[in-house]
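Engineer: One structure coming up, written as structure tokens, with questions to follow.
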Amino acid sequence: MMNSDQDKHHISSGNFALKYVNGELEDANVEVIDVREPMEWEMIHLEDCKHIPLGSLPERLEEIDANKTIYLLCAHGIRSLHAANFLLRQGYADVVNVDGGLAEVLLYIEQKEE
């Protein structure tokens, strides 16, 4: 059984895609950060998403507003999980990993646009 605290740090790719399509992530109190590598980012990324590769996260912490809800995204949800755990250890409270990553999110977005 998952406890509710762990639950609040995860969102399914389907629910995230829904928020994205509905414009809910354009809120001033929300930040979406893609932690994939530059080559992956150049191939495809979501609009209005900040790019901070996982490896450069520690030295770029000042770019991340601790007062916002931070959604973390990578290709399949593994690197973003590492990023989420790192940010939580740094004292960031409202951190959410997008389970399944961009690969699944894009599938949901394509379905919504059909």
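Engineer: Take the alpha-carbon centre of the range 93-114, take the same for the range 43-79, and report the distance between them in whole Å.
Structural biologist: Comparing the Cα centres of the range 93-114 and the range 43-79, I get a distance of 14 Å.
Engineer: Next question. So what's the range 40-83 giving for Cα Rg divided by 2.2 N^0.38 Å, two decimals? Write out the running numbers ahead of the final one.
Structural biologist: Working: Rg = 10.7 Å, N = 44, 2.2 N^0.38 = 9.3 Å.
Against the compact-globule rule of thumb, the ratio is 1.15.
Engineer: Between residue 56 and residue 110, what is the spin-label point distance in nm, taking each point 7 Å from the Cα along the Cα→C-beta axis?
Structural biologist: 2.9 nm
Engineer: Okay, helix-only estimate at 222 nm for the chain: each DSSP H run of n ≥ 4 adds -39500 (n - 2.57), divide by all residues, round to 500 deg cm²/dmol; what do you get?
Structural biologist: -11000 deg cm²/dmol
Engineer: Among 66, 41, 81, whose Cα sits farthest toward the positive end of the charge dipole of the range 31-88 (+1 at Cβ of Lys/Arg, -1 at Cβ of Asp/Glu, about the Cα centre)?
Structural biologist: Of the candidates, 81 comes out farthest on the positive side.
Engineer: For the chain, what is the charge dipole size about the Cα centre, in debye to the nearest 20, if Lys and Arg each add +1 at the Cβ and Asp and Glu each add -1 at the Cβ?
Structural biologist: 400 debye
Engineer: A follow-up question, please. If you roll a 1.4 angstrom probe over the protein chains with everything in place, what fraction of the accessible area of the chain belongs to carbon and sulfur, to the nearest %? Please report the intermediate quantities before stating the final value.
Structural biologist: On the way: 3280 of 6610 Å².
The value for the chain is 50 percent carbon and sulfur by accessible area.
Engineer: Can I ask one more? Which number do you get for Rg(Cα) / (2.2 N^0.38 Å) in the chain?
Structural biologist: Working: Rg = 13.2 Å, N = 114, 2.2 N^0.38 = 13.3 Å.
Output field value: 0.99.
The values are calculated or read from the model by the stated rules, or taken from the named source; none is laboratory data. Everything quoted here is computed from the prediction, not taken from an experiment. All Cβ positions, glycine included, derive from the backbone under ideal geometry; neighbour counts span all protein chains shown. Heavy atoms of the whole protein, side chains included, go into the accessibility calculation; ligands, DNA and RNA do not. Shrake-Rupley method; radii C 1.70, N 1.55, O 1.52, S 1.80 Å.
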